[in-house]
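A short write-up of the structure that comes next.
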Amino acid sequence: MAVKIRTLFWCSLALAGAAPARAGAPRLALEQRAFDFGTVERGAKVEHTFPLPNRGEGVLLIDHVKSSCGCTVAVVSAHEIPIAADGRVTVAVDTARMAGRVNKIVTVYTNDPDNPVVGLTMTGEVSADLLVTPSPLYLGRVRRGDRTRHEVLVVPGRPGTSFAVTGVEEPVSPLLHAVLEPRPDAPGQRVVVELDPHIPLGRFSEQVKLRTTSPHESLLTLQVFGSVEGEVVVLPPQVTFGIAHGRAPERDLFIRNRGARPLAVTGVSVPKELVTYELSTVREGLEYRLTLRLRDHVPAGTVEGAIDIFTDHPEESHLVVPLYAIVRDPGGQG
């Protein structure tokens, strides 16, 4: 009898642990976090709906839904899900620029205190006549004037086939140089991509089009993107406050001079209704710290803006830094 009582006691504790952590709070009870769409041909559009059940004691709010890339779109049925009701998020994936094993993640931000951020995954296999790796080609942060050379491999995507690239479609962007070369020691080919040394500062996104022998895809598009930096660098390149719950978080930006002449920060402009700032010197002429503080009582919702930084550099006198945050109402469930 003592063993049975002890067992019932521990079972009761386990059930108590499974109950909602906070009374009156919503609870997102996801039963499916991933969906495998099997094998599809490149170019197919795949769609799946994930249920969003609210099994808590408060209204579940869907603050924001973020996709991992532009090829994935997520649509929420409602931003407020009542108690004991089910919402939905429909995820659509465009496989036009994919090949091989694919994993695409959609991130859902909620007011569930135990699951404020959850990921939903679409996974599967995309078949194609030709595989381009990497695609897209991300060059990262490049210093202007430095030589940037990257290779992209193109190989047949199906066993027993010999599809190939026959050339680079003209005209190529003036910001890029692309040359097709054979691979002497392996099947397939390589595309050598170089940036023009005089590319302007800032972010870039360009395309290289490849002619092929594939009857299904006679023209492949390779996306090439990244950012070009000069002598003045701002780190991090964007300000993200994340999810703020009524308190006022701070973030630091560092303005660094990589050139030979001393640098001065001549001015800063911020969205005054969103943030305050303080500029301080770390090393005169070389490095400055810009401390940003999200204001109290910013209205709940998604916050987007930009920080403008002005310097005395003759070619880099105006720098723009994106700002982002999600603000929740500290007095309510949202």
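Values quoted throughout were computed directly from the atomic coordinates according to the rules given, and no laboratory measurement underlies them. All figures in this text were calculated on a predicted structure; none of them were measured in a lab. Heads up, the Cβs are rebuilt from the backbone with ideal geometry, glycines too, and the neighbour counts pull from every protein chain shown.
Taking the Cα centre of the chain as origin and assigning +1 to Lys and Arg Cβ atoms and -1 to Asp and Glu Cβ atoms, the resulting dipole is close to 860 debye.
Converting phi to 3J(HN,Hα) with the Karplus coefficients 6.51, -1.76 and 1.60 and the offset θ = phi - 60°, the range 149-160 yields 10, 10, 10, 10, 8, 10, 9, x, x, 10, x, x Hz in sequence order, with x at every glycine or proline. Between residue 266 and residue 78, what is the FRET efficiency for a Förster distance of 41 Å, r being their Cβ-Cβ separation, to the nearest 0.05? Efficiency, from the Cβ-Cβ distance: 0.30.
The magnitude of the dipole of the range 107-219, with charges of +1 and -1 set on the Cβ of Lys/Arg and Asp/Glu and taken from the Cα centre, is near 360 debye. A cut-off of 5 Å between modelled amide H atoms, ignoring neighbours fewer than 5 places along the same chain, links residue 63 with 109, 110, 111. Think of the range 20-93 as a dipole: +1 on every Lys or Arg Cβ, -1 on every Asp or Glu Cβ, centred on the Cα centre; then among 79, 32, 64, 64 lies furthest on the positive end. Of the residues 133, 187, 219, the one whose Cα sits farthest towards the positive end of the charge dipole of the range 130-229 is 133 (charges of +1 on Lys and Arg Cβ, -1 on Asp and Glu Cβ, taken about the Cα centre). Amide H contacts under 5 Å for residue 44: 95, restricted to partners 5 or more places along the chain or on a different chain, H placed in the peptide plane at 1.01 Å from N. Relative to the compact-globule estimate of 2.2 N^0.38 Å, the Cα radius of gyration of the range 232-327 comes out at 1.11. Under 5 Å between amide hydrogens, built in the peptide plane, is the criterion, and for residue 57 it picks out 24, 25, 27 among residues at least 5 positions away or on other chains. With Cα atoms as the point set, the chain shows a radius of gyration and Dmax of 25.9, 86 Å. Relative to the Cα centre, the charge distribution of the range 182-334, modelled as +1 at Lys and Arg Cβ and -1 at Asp and Glu Cβ, gives a dipole magnitude of about 340 debye. A convex hull fitted to the Cα coordinates of the range 62-166 yields 154 cubic angstrom per residue. Scaled against 2.2 N^0.38 Å for its residue count N, the alpha carbon radius of gyration of the range 130-229 is 1.11.
Using +1 at the C-beta of Lys and Arg and -1 at the C-beta of Asp and Glu, which of 322, 288, 249 has the Cα lying farthest in the positive direction of the dipole of the range 232-327? Value: 249. Across the chain, C-alpha contacts under 8 Å between residues 6 or more apart give a mean separation that, scaled by the residue count, equals a relative contact order of 12 percent.
Among 168-176, 55-63, 220-228, the peptide with the highest mean count of other Cβ atoms within 10 Å heads the list, and the full ranking is 55-63, 220-228, 168-176. Mean sequence separation of contacting Cα pairs (under 8 Å, at least six apart), scaled by the length of the range 232-327, corresponds to a relative contact order of 35 percent.
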